[in-house]
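Read through the structure below, which is laid out as C-alpha cells, and then see the notes.
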Amino acid sequence: METKYTRDEIIQKSKELASMMAQTEEVDFFKKAEKKINEHLRVQELIAQIKKLQKEAVNLKHYQKIEALKQTEEKIDALQDEIEQIPLVQEFQQSQLEVNELLQMVSNTITKKITEEIIVSMGGDVLRGTTVKNPLIQDKC
C-alpha cells in the first residue's frame, strides 16, 4: 500500500530541509557577508541616502514634479552605482546569488521528482514525460 503524507508532515520535512540548508557553506558565507555590510559605515550611509531619496521620489511623483523626479532618480542611480562598486557589496551580492541558486536547485529537484512520481504512478513514460502511453507511438524495444 502506498504511503500518504499529510500537509503537516510535509511542512515538518520542509522545516528539516530548511535547517539543513541553513547549515550550508553558501548560507554561512551569506550571513558573514551581511554582517560585514551592516557594520560598514559607508555602505550604511549610502543606503540611508538612497532610502531618503526614494521617499522623496515617491512624493515628487505623487505631485507630478517631473523634472525634480528625474533629478532625484539620477541621484539614486549614482548612489546605487557607487554602492555597487564597493568590493564588500559585490561579495554580498555574490553570496545572495549563491543562496538563491541553492534554493532554486532544491525547488527544481522537488518539482522534477514529483513529476516523475506522477508519471510512474500513472503508468506513463518518464523519458517522454507523458502520463499515459501514446497509441500513436510504438515502442521499438
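What follows draws every value from the coordinates through simple rules; no lab data is involved. As the structure is a prediction and not an experimental result, all values here were calculated from the model. Here Cβ is always computed from backbone atoms with ideal geometry, including for glycine, and neighbour counts include all displayed protein chains.
Percent of Cα-Cα pairs more than 15 Å apart in segment 46-103, please.
58 percent
Find out how many positive minus negative residues lie around GLN94, taking Lys and Arg as positive, Asp and Glu as negative, among other residues whose Cβ is under 11 Å from that of GLN94.
For residues surrounding GLN94, the net value is -4.
Amide H to amide H, which residues 5 or more places from THR130 or on other chains are under 5 Å from it, using H placed in the peptide plane?
For THR130, the qualifying residues are ASP125.
Going 7 Å from the Cα of ASN59 toward and past its Cβ, which residues in segment 68-89 have a backbone nitrogen under 19 Å from where you end up?
68-77
Quick query: amide H of HIS40 versus all other amide H atoms, modeled in the peptide plane; which residues come in under 5 Å with a sequence gap of 5 or more or a different chain?
none
Toward the positive end of the charge dipole of the chain, about the Cα centre and with charges on Cβ (Lys, Arg +1; Asp, Glu -1), which of GLN23, VAL120, GLN85 goes farthest?
Of the options given, the answer is VAL120.
At 222 nm, what helix-only mean residue ellipticity would the chain give, in deg cm²/dmol to the nearest 500, using -39500 (n - 2.57) for each DSSP H run of four or more?
Rounded to the nearest 500, the figure is -26500 deg cm²/dmol.
Please compute the net charge surrounding GLU82, taking Lys and Arg as +1 and Asp and Glu as -1 over other residues with Cβ under 14 Å from its Cβ.
-3
Please give the net charge around GLU73, taking every other residue with its beta carbon less than 12 angstrom from that of GLU73, where Lys and Arg add +1 and Asp and Glu add -1.
Counting the neighbours of GLU73, the net charge comes to 0.
In a Gaussian network model over the chain where Cα atoms closer than 10 Å are linked, find which of VAL27, VAL58, VAL89 has the largest mean-square fluctuation.
VAL58
For the chain, treating each Cα as an identical point scatterer without solvent, what Debye log10 I(q)/I(0) comes out at q = 0.09, 0.10 1/Å?
Calculated log10 I(q)/I(0) at the listed q: -0.59, -0.67.
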